[in-house]
Every structure is written in structure tokens, then in C-alpha cells.
Amino acid sequence: MVIRREIGFFILNGIISVILAYVIYQTLVSVWVLGIHWASGTAYICGTAYGFFSNRRWAFQDRRLITRKTIVLFVTLYCFTLMVNVSVNVIMLKLIDGLRGDILLPFITAISISTILNFIGLKYFVFSQKRDITVV
């Protein structure tokens, strides 16, 4: 089934993306004088770029040329899901305020929701084969 293959590659690409970002982050922190925040931002961008190309090629098998529209849709999707992630995390932290120091549940909830939204957005909007079909 196609969706299972797409989900499998999406998850694998996500794991590789996180590992890649972490290695870049650790490397930049150890050698870069500009500081931890720049290293974190650079690592995030590199992981996201890897995710774009690997999901495009392997998860969703989009062989079309990369257009400005594809990049804008991708960036828009990731900005939206970043806002959802942060919002869910904040809401969850407020909901469990009595459980001092428990940040795992809000993190897992936020990352799970944003990951599902990213998959749906990539499949049906960013890398959709139907996106470029115009009806006359």
C-alpha cells in the first residue's frame, strides 16, 4: 500500500533528519565561536533542508522540477506547523501546571501533532501530483 510506504519513508527521513541536525549542532557548538543559538538555528535549517529533499524524493516520489511554488508551500507548511507545535506545547504546559517539571507529555503531544500535520501537508499540498493540475 502506497500510504504505508510513504509513512515509513517519512518516519525514516525524520529520524535521519534529527540525527543529522544533532550532529551538525554538536559540531558547531564545539568549533563555532558565534554561540549555541546560531548553532541550533543552523542545525535546524540543515535538518529541515534534508527533510525537504529526502521526503520529496523517497517518501512522496515527486520527480518534478523544484519550483518556487513548491518551496513557498513547504516553508509555509513548516511555519504553520511550528506555530501549532509551540502553541500545543504552551497549552499542554498550562494544563499540567500542577505537575511541576513534567515537560515530556507536552513535548510529545506537540511534536506528534505537528508531525502528523507535516505528513498531511507534504502529501496533499507540497508534493501532491494533483497540485499542478488545472481544471478548465
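The values are calculated or read from the model by the stated rules, or taken from the named source; none is laboratory data. Worth saying up front: this structure is predicted, and the values here are computed from it rather than measured. Ideal geometry is used to build each Cβ from the backbone, glycine not excepted, and the neighbour counts take in all protein chains shown.
Selection of first residues in the range 68-81 that are in the same structural domain as residue 126 (by TED's automatic domain parsing) and of second residues that are of a type in the set (Lys, Arg), restricted to Cβ pairs under 7 Å at least 6 apart or on distinct chains, gives an empty result. Being outside the structural domain of residue 25 (by TED's automatic domain parsing), at pLDDT below 95 and over 15 Å from the mean Cα position of the chain (by Cα) is a description that applies to residue 90.
Conditions (1) out of contact with any Asp or Glu (no Cβ under 7 Å at 6 or more places or on another chain); (2) of a type in the set (Phe, Trp, Tyr); (3) touching a residue at least 60 places away in the same chain (Cβ under 8 Å), marked per residue:
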{"site": "15", "(1), (2), (3)": "yes, no, no"}
{"site": "28", "(1), (2), (3)": "yes, no, no"}
{"site": "32", "(1), (2), (3)": "yes, yes, no"}
{"site": "56", "(1), (2), (3)": "no, no, yes"}
{"site": "59", "(1), (2), (3)": "no, no, yes"}
{"site": "65", "(1), (2), (3)": "yes, no, no"}
{"site": "102", "(1), (2), (3)": "yes, no, no"}
{"site": "106", "(1), (2), (3)": "yes, no, no"}
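Could you tell me whether residue 59 is modelled with pLDDT of 95 or more, under 12 Å from the mean Cα position of the chain (by Cα) and not hydroxyl-bearing (Ser, Thr, Tyr)? The answer is no for residue 59.
Okay, residues lined up against (1) in contact with a Cys (Cβ under 8 Å, 6 or more places away or on another chain); (2) crowded, with 16+ Cβ neighbours inside 10 Å:
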{"position": "21", "(1), (2)": "yes, yes"}
{"position": "39", "(1), (2)": "no, yes"}
{"position": "43", "(1), (2)": "no, yes"}
{"position": "54", "(1), (2)": "no, yes"}
{"position": "59", "(1), (2)": "no, yes"}
{"position": "74", "(1), (2)": "no, yes"}
{"position": "103", "(1), (2)": "no, no"}
{"position": "107", "(1), (2)": "no, no"}
{"position": "114", "(1), (2)": "no, yes"}
